[in-house]
């Protein structure tokens with residue numbers, strides 16, 4: 001059982017972590033290559049991923065035979081280190097290389 005002091009500390013930590021501008025909500029600056037897909041404004045990483053998916057769906061870049069594969073166009077090839085296709089799981093690894101703290 002947690003003591004009152006432990007519970008107070010846990011609730012304070014939870015409140016700090018959910019504040020906007022920290023953790024996953026912290027703004028990140030996309031590289032020039034990624035900015036061609038998501039825009040050049042500093043936005044949270046979660047929005048970067050959402051915008052990449054919007055781009056993929058608007059350009060119909062998912063492999064129709066294997067929806068887990070992304071078929072890169074010229075803009076995405078710059079982000080995906082020149083690869084023609086990546087899986088949706090690999091995609092985050094490549095996007096991370098193009099983000100820095102804002």
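Values quoted throughout were computed directly from the atomic coordinates according to the rules given, and no laboratory measurement underlies them. No experiment lies behind these values; they were computed from the predicted model shown. A quick note on method: Cβ atoms are made from the backbone with ideal geometry, for glycine too, and the neighbour counts reach across all protein chains shown.
Tabulated values for the structure
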| item | result |
| --- | --- |
| Candidates 64, 30, 44, ranked by Gaussian network fluctuation over the chain, Cα under 10 Å, top entry | 64 |
| Helix-only [θ]222 nm of the chain, DSSP H runs n ≥ 4, -39500 (n - 2.57) each, per residue, nearest 500 | -14500 deg cm²/dmol |
| Of [x] -0.70, -0.75, -1.30; [y] -0.72, -0.79, -1.45; [z] -0.91, -0.94, -1.28, the label for log10 I(q)/I(0) by the Debye sum over Cα atoms at q = 0.16, 0.17, 0.25 Å⁻¹ derived from the coordinates | [x] |
| DSSP-defined antiparallel bridges as percent of all bridges, region 26-101, nearest 5 | 100 percent |
| Degrees between helix 45-58 axis and first principal axis of the chain (Cα, 0 to 90, nearest 10) | 30 degrees |
| Neighbour-count order for 65, 7, 90, fewest beta carbons within 10 angstrom listed first | 65, 7, 90 |
| GNM top mover of 77, 67, 85 - the chain, alpha-carbon springs below 10 Å | 67 |
| GNM top mover of 61, 34, 76 - the chain, alpha-carbon springs below 10 Å | 61 |
| Residue order, fewest to most beta carbons within 10 Å, for 48, 38 | 38, 48 |
| Rounded to 10°, Cα long-axis angle of helix 4-17 versus longest principal axis of the chain | 30 degrees |
| Separation of the residue 29 and residue 54 label points, Cα + 7 Å toward Cβ, nm | 2.2 nm |
